[in-house]
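A.B. asks: Before I ask anything, let me first share the structure, which is written out below as structure tokens.
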Amino acid sequence: LDTGIDHTHDFFKGRVEPTGFNSSGSGKSNSSMDDVGHGTHVAGIIADCTTDNVLIKPYKVLGQDEGSSSAILAGVYKAIEDEVDVINMSLTCTSSISLSNALAEADEKGIVLVAGAGNDGTDSTKKYPASLDFVIAVSAITEDNLISDFSNFGSHIDLAAPGTNIYST
């Protein structure tokens, strides 16, 4: 769930299954094409770190001016309907009972849920939806294995991954 993906990029040949899903209010209504770049960048990292048989299904829930819990909610339900294995959310948003329930439903169906821990650069509580117990909270580290200056950190983080100066699509 992100800003979509540029599925025409050569790097994604044979790796992307365009969904045509867009609840973001940005771009074309029936297109998961990325018009911001964030989703393409994240998908490039995922594609580079997984085997060739892993397909990426983009759900465009964020646009030029960020997104909303309701747009993310719609993406979660579509991903559940499509029976995905993993939902990656490199985002934070306002807590929502409806969204929490949808994510709990995804978890109950065995979908792995991953979310960014936040970009406030503080040892604060995890941002939502990473704050949910069944969502893997990920913070960012530098090439020297130090916490990235923008990334939230602390004992409430489930894992850290490279997040500074990352080359991607």
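The values are calculated or read from the model by the stated rules, or taken from the named source; none is laboratory data. All of these numbers come straight from a predicted model, not from anything done at the bench. Using ideal geometry, Cβ is built from the backbone for each residue, glycine included, and neighbour counts are taken over all protein chains shown. Heavy atoms of the whole protein, side chains included, go into the accessibility calculation; ligands, DNA and RNA do not. Shrake-Rupley method; radii C 1.70, N 1.55, O 1.52, S 1.80 Å.
A.B. asks: Would you check which residues across the stretch 9-20 are touching a residue at least 12 places away in the same chain (Cβ under 8 Å) and surrounded by fewer than 22 Cβ atoms within 10 Å (Cβ to Cβ) and list them?
C.D. replies: H9, F11, F12, G14, R15, V16, E17, P18, G20
A.B. asks: Select from the stretch 1-20 the residues that are out of contact with any helix residue (DSSP H, G or I) (no Cβ under 7 Å at 6 or more places or on another chain) and within 17 Å of D48 (Cβ to Cβ) and list them in ascending order.
C.D. replies: H7, D10, K13, G14, V16
A.B. asks: List the number of the failed condition for S168; all other conditions in (1) buried (at least 19 other Cβ atoms within 10 Å of the Cβ); (2) in contact with a Gly (Cβ under 7 Å, 6 or more places away or on another chain); (3) not β-branched (V, I, T) hold.
C.D. replies: Result: S168 fails condition (1) only.
This table checks each residue for (1) in contact with a Gly (Cβ under 9 Å, 6 or more places away or on another chain); (2) more than 24 Å from G14 (Cα to Cα); (3) modelled with pLDDT under 90; (4) among the polar types (S, T, N, Q).
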| site | (1), (2), (3), (4) |
| --- | --- |
| T40 | yes, no, no, yes |
| N53 | no, no, no, yes |
| Y59 | yes, no, no, no |
| S70 | no, yes, no, yes |
| L73 | no, yes, no, no |
| V84 | no, no, no, no |
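A.B. asks: Tell me which residues, restricted to the stretch 48-72, are part of a helix (DSSP H, G or I) and surrounded by fewer than 21 Cβ atoms within 10 Å (Cβ to Cβ).
C.D. replies: D48, S69, S70
A.B. asks: Criterion first (surrounded by 18 or more Cβ atoms within 10 Å (Cβ to Cβ), under 24 Å from L99 (Cβ atoms) and more than 16 Å from the chain's Cα centre (by Cα)) does S26 satisfy it?
C.D. replies: So S26 fits the description; yes.
A.B. asks: Could you check G75 against (1) farther than 21 Å from F21 by Cβ; (2) in contact (Cβ under 8 Å) with a residue 60 or more places away in the chain; (3) surrounded by 19 or more Cβ atoms within 10 Å (Cβ to Cβ); (4) not charged (D, E, K, R) and say which number it fails?
C.D. replies: (1)
A.B. asks: Here's something else I'd like to know. Scanning the stretch 129-166 for residues that are among the aliphatic types (A, V, I, L, M) and assigned to a loop (DSSP other than H, G, I, E, B), which turns out farthest from the chain's Cα centre (by Cα)?
C.D. replies: Looking at the filtered set, the residue picked out is L146.
A.B. asks: For the stretch 21-35, give me the residue count where each residue is among the charged types (D, E, K, R) and either farther than 23 Å from D52 by Cβ or in contact (Cβ under 8 Å) with a residue 60 or more places away in the chain (or both).
C.D. replies: Counting residues in the stretch 21-35 that are among the charged types (D, E, K, R) and either farther than 23 Å from D52 by Cβ or in contact (Cβ under 8 Å) with a residue 60 or more places away in the chain (or both) gives 2.
A.B. asks: State the number of residues belonging to the stretch 85-121 that are touching a strand residue (DSSP E or B) at 6+ places or on another chain (Cβ under 9 Å) and surrounded by 15 or more Cβ atoms within 10 Å (Cβ to Cβ).
C.D. replies: 19
A.B. asks: Further question on the same structure: Of all residues in the stretch 143-155, which are open to solvent by 30 Å² or more (accessible area, probe 1.4 Å) and either at pLDDT 80 or above or touching a strand residue (DSSP E or B) at 6+ places or on another chain (Cβ under 7 Å) (or both)?
C.D. replies: E143, D144, N145, L146, I147, D149, F150, F153
A.B. asks: Please specify each residue of the stretch 1-15 satisfying the condition of being assigned to a loop (DSSP other than H, G, I, E, B) and closer than 25 Å to L73 by Cβ.
C.D. replies: Passing the criteria: L1, T3, G4, I5, D6, H7.
Yes/no matrix, rows are residues, columns are (1) in a helix (DSSP H, G or I); (2) modelled with pLDDT of 95 or more; (3) out of contact with any Phe, Trp or Tyr (no Cβ under 8 Å at 6 or more places or on another chain); (4) not small (G, A, S):
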position	(1), (2), (3), (4)
N88	no, yes, yes, yes
N101	yes, yes, yes, yes
A104	yes, yes, no, no
D107	yes, yes, no, yes
